[in-house]
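Have a look at the structure below, then the notes.
The values are calculated or read from the model by the stated rules, or taken from the named source; none is laboratory data. Just so we're clear, the structure is a prediction, and the values are computed from it rather than from any experiment. Positions of Cβ are generated from backbone atoms using ideal geometry, with glycine treated the same way; all protein chains shown enter the neighbour counts. Calculation scope for accessible area: heavy atoms of the full protein, side chains included, ligands and nucleic acids excluded. Shrake-Rupley method; radii C 1.70, N 1.55, O 1.52, S 1.80 Å.
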Amino acid sequence: MDTKRLSSTLEEALSTQMNVELLQSHTYLSYGIWATDKGYGGIGNFLFRHSLEERNHAVKFMQYILNRGGKPTVTGIKAPDKDPSTLSECFNQVFKHEVDNTEKIYHLVNMAFEEKDWATWNFLQWFVQEQIEEETLAMDLIDKLKIAGGDRATDESLFNLDKDLGKVPDEAELARNATSENP
């Protein structure tokens, strides 16, 4: 008996998005390494935690596809783009990545709507809400850096920004807390 309750088209599109989330994770990991290497340990830690959150988003897509009787496909992930040269560039790239990801989520929502796959449409609403939060977070990073003085910020302003971002509450679960039931 065929237990798949997901069209092949949506299965493929959701798998693609799973891989997009993994690329986002790698990108934020790369940015975190860059920031830490530049002496911004708090910003680096913030980006490392964001990397983990993106990985968790990929796992949500994987689990959903499996729960609907499909089989997610893991593809090769391209290397992240080159390192940013400034914090402004880094934060602007974070915002750009989130806006691009929002557009991809909206495309999936439209596909689910057109197929009248209400379970998938409902599943994707969590990501619609998440992208509002992600874009707002990215805009806040840009605003905080502007307030600090942008690329001409004083060392003291950057020190405080770095310290503040290092203290941002961590919504992503730590790897050491993961289990097979709660990855």
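Considering only residues that are polar (S, T, N, Q) and either under 16 Å from the mean Cα position of the chain (by Cα) or crowded, with 19+ Cβ neighbours inside 10 Å (or both), which ones fall in the stretch 54-83? Step through it out loud before you land on a result.
Start the filter on the stretch 54-83 by keeping residues that are polar (S, T, N, Q), which leaves 56, 63, 67, 73, 75.
Selection gives 56 alone.
Can you report the number of residues in the stretch 113-127 which are of a type in the set (A, V, I, L, M, F, W, C) and either at pLDDT below 95 or out of contact with any helix residue (DSSP H, G or I) (no Cβ under 8 Å at 6 or more places or on another chain) (or both)?
So in the stretch 113-127, the residues of a type in the set (A, V, I, L, M, F, W, C) come out as 113, 118-119, 121, 123-124, 126-127.
Of the ones still in play, those that are also either at pLDDT below 95 or out of contact with any helix residue (DSSP H, G or I) (no Cβ under 8 Å at 6 or more places or on another chain) (or both) are 119.
Looking only at that region, the number is 1.
Which one is most open to solvent (accessible area, probe 1.4 Å), of the residues in the stretch 29-51 that are closer than 17 Å to residue 95 by Cα and aliphatic (A, V, I, L, M)?
Going through the qualifying residues, I end up with 29.
So residue 26 passes all but one of these: (1) in contact with a Pro (Cβ under 7 Å, 6 or more places away or on another chain); (2) open to solvent by 60 Å² or more (accessible area, probe 1.4 Å); (3) under 17 Å from residue 137 (Cβ atoms). Which condition number does it fail?
(3)
Taking the stretch 73-89, which residues are acidic (Asp, Glu) and either touching a Gly at 6+ places or on another chain (Cβ under 8 Å) or touching a residue at least 24 places away in the same chain (Cβ under 8 Å) (or both)? Don't jump to the end; show me each part of the working.
Of all residues in the stretch 73-89, those acidic (Asp, Glu) come to 81, 83, 89.
If the condition is that a residue be acidic (Asp, Glu) and either touching a Gly at 6+ places or on another chain (Cβ under 8 Å) or touching a residue at least 24 places away in the same chain (Cβ under 8 Å) (or both), then 81, 83 are the ones that fit.
Take the stretch 1-23 and flag every residue that is assigned to a helix (DSSP H, G or I), surrounded by fewer than 16 Cβ atoms within 10 Å (Cβ to Cβ) and not polar (S, T, N, Q).
Passing the criteria: only 12.
Can you find, within the stretch 84-140, the residue that is most open to solvent (accessible area, probe 1.4 Å) among those that are closer than 19 Å to residue 34 by Cα and part of a loop (DSSP other than H, G, I, E, B)?
The qualifying residue most open to solvent (accessible area, probe 1.4 Å) is 85.
Give me the pairs: first residue in the stretch 49-68 and in a helix (DSSP H, G or I), second residue open to solvent by 50 Å² or more (accessible area, probe 1.4 Å) and modelled with pLDDT of 95 or more, beta-carbon distance under 8 Å, and six or more apart or on different chains, which are they?
Hits for this filter: 51/26; 51/29; 60/126; 65/71.
Cβ-Cβ under 9 Å, sequence separation 6+ or interchain: first residue in the stretch 4-25 and under 30 Å from residue 46 (Cβ atoms), partner small (Gly, Ala, Ser) and not in a helix (DSSP H, G or I). Which pairs?
Listed by first residue and then by second, the contacts come to 14/70; 15/70; 19/76.
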